[in-house]
Amino acid sequence: MTGVVNIAIFGATGSIGQNTLDVIARHPGRFAVFALAAHRNVSVLKQQCLQFSPRYAALADEHAAAQLRDELRTAGCKTEVLAGMAALNELAAHPDVHSVMAAIVGAAGLGSTLAAARAGKRILLANKESLVMSGQLFLNAVREGNAQLLPIDSEHNAIFQCMPDPRVASGSESGNRLAGIKRLVLTASGGPFLRTAAADLADITPEQACAHPRWIMGRKISVDSATLMNKGLELIEASLLFSMPPAQIDVLIHPQSIVHSLVEYVDGSMLAQLSNPDMRTPIAFALGWPSRIDAGVEFLDLARLSRLEFESPDEVRFPCLRLARQAAACGRSAPAALNAANEAAVAAFLDGQLRFTEIAAVIDAVLQAHTVLPLDSLDAVIKVDAWAREHAMHVMREAGKVS
């Protein structure tokens, strides 16, 4: 791609969005911020618009959009403000957009990510839920739209970097065999409760769950990291992205968060990608690919690190990882049901209505009640998502957790 690359950032006010803007600011003349989109964080989006002067800004919340429109007009900023989810879809497919950073958290990001795929954009995928929910439907849209899909999650980005030729190795199971790939290994920090006694997990508070030892993230993904559900969703995502059966994807706890994932080959070799735990590294890799660009990240000092530790995850203490693996093995609509049940349970936990250890129990109940179905349309995905959320609420109401 030559000339200035126009970027649309969805989830601009979150940690991924802000890190993306940090990298872009380091490369004036190479990237231009064409559009910024968020849910309803007016104050942060306003400052971003004043700094980067995008042609468009969009907020899903219409009241917030009206407020932003007034404040930007007063400040003399010419950014046009749009409102509603339909506006996000339109911006994702806008003919002047080259790359879309898909970083809206949860199921809310599915529509705009699919729109970008169908419009043939380069998609920098930080919203794993879009792929987990829609599975092959999403990958078909990428292929049919002739889009490019580059993973932003540090683990999947690491795997992408360790592939001999990602364009071949991620294409099919036969591609993996030709590349000699035997196994993928995702690493996990273990979250804030890696050494917490099992008997104490029930009393974990939302504030404790959101205090991640290595990464600065939003509240929902922080809880997912604490339960290891985030790693379970990443296992599903890796299976889809790299056409690997779930049985050939393993997880290792690695508290230092320096090795971001590994690819094992049939000759006994293992390739790993190492870097400091800073999301600007995978973001810069995807923005510049196939070139490498400065990310503003501190370089590794391996002598100072001295040692790197690895251990197997405890799926008894952290059953969400086991549940995600089961959903991955079932395929079809099971991952979508898992994701929706998790979002509902995590929201209840963050509201103080559910105990930390009850998140997995709610998800388990939903999966047991779910009839696995094929997902051949966006409507089918939405129906499974809605059913799983409602059934999760039913399970919590029956247990007296929510009204």
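The values are calculated or read from the model by the stated rules, or taken from the named source; none is laboratory data. Nothing here was measured: the structure is a model prediction, and the numbers come from that model. So basically every Cβ, Gly included, is an ideal-geometry build from the backbone, and we count neighbours across all protein chains shown. Surface areas here come from the heavy atoms of the whole protein model, side chains and all, with no ligands, DNA or RNA. Shrake-Rupley method; radii C 1.70, N 1.55, O 1.52, S 1.80 Å.
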Length added when fully stretched, R26-R143, from 0.36 nm per residue minus Cα-Cα: 38.9 nm
Carbon/sulfur fraction of accessible area - the range 305-387, other protein chains in place, 1.4 Å, %: 52
Furthest towards positive pole of dipole, F349, H391, A365, structure part the range 349-403, Cβ charges: F349
Set of lysines near K220 by C-alpha distance (under 21 Å), chain-local residues within fewer than 8 positions excluded: K128, K231, K401
Sulfur and carbon atoms: percent of accessible area, the range 235-302 [1.4 Å]: 57
Antiparallel DSSP beta bridges within the chain, percent to nearest 5: 25
Per residue, in Å², the accessible surface of the chain once ligands and nucleic acids are set aside, probe 1.4 Å: 42
28 Å Cα-Cα reach of K78 towards lysines, excluding residues that sit fewer than 8 places from it in its own chain: K46, K121
Accessible surface of the range 1-68 [probe 1.4 Å, protein heavy atoms]: carbon and sulfur percent: 46
Order by protection proxy (mean Cβ within 10 Å, highest first), peptides 331-337, 295-301: 331-337, 295-301
Whole-number D in µm² s⁻¹ for the range 276-367, Kirkwood Cα-pair radius fed into Stokes-Einstein, 10 °C, 1.306 mPa s: 96
CD proxy at 222 nm, helix term only [per DSSP H run n ≥ 4: -39500 (n - 2.57); per residue of the chain; nearest 500]: -13500 deg cm²/dmol
Gained length - Q47 relative to C330, 0.36 nm times residue gap less alpha-carbon distance: 97.4 nm
Spherically averaged projected area in nm², based on the convex hull that wraps the Cα atoms of the chain: 19.7
Fraction in percent of alpha-carbon pairs per bin - 10 Å, the range 1-94: 18, 53, 26, 3
Cα extents of the range 202-333 along the three principal axes, largest first (Å): 40, 39, 30
Inter-centroid distance (Cα atoms) of the range 184-250 relative to the range 14-90, Å: 30
Reciprocal mean inverse distance between Cα atoms of the range 92-131 - Kirkwood radius, Å: 9.7
R317-Q353 FRET efficiency (beta carbon distance; Förster radius 22 Å; 0.05 resolution): 0.45
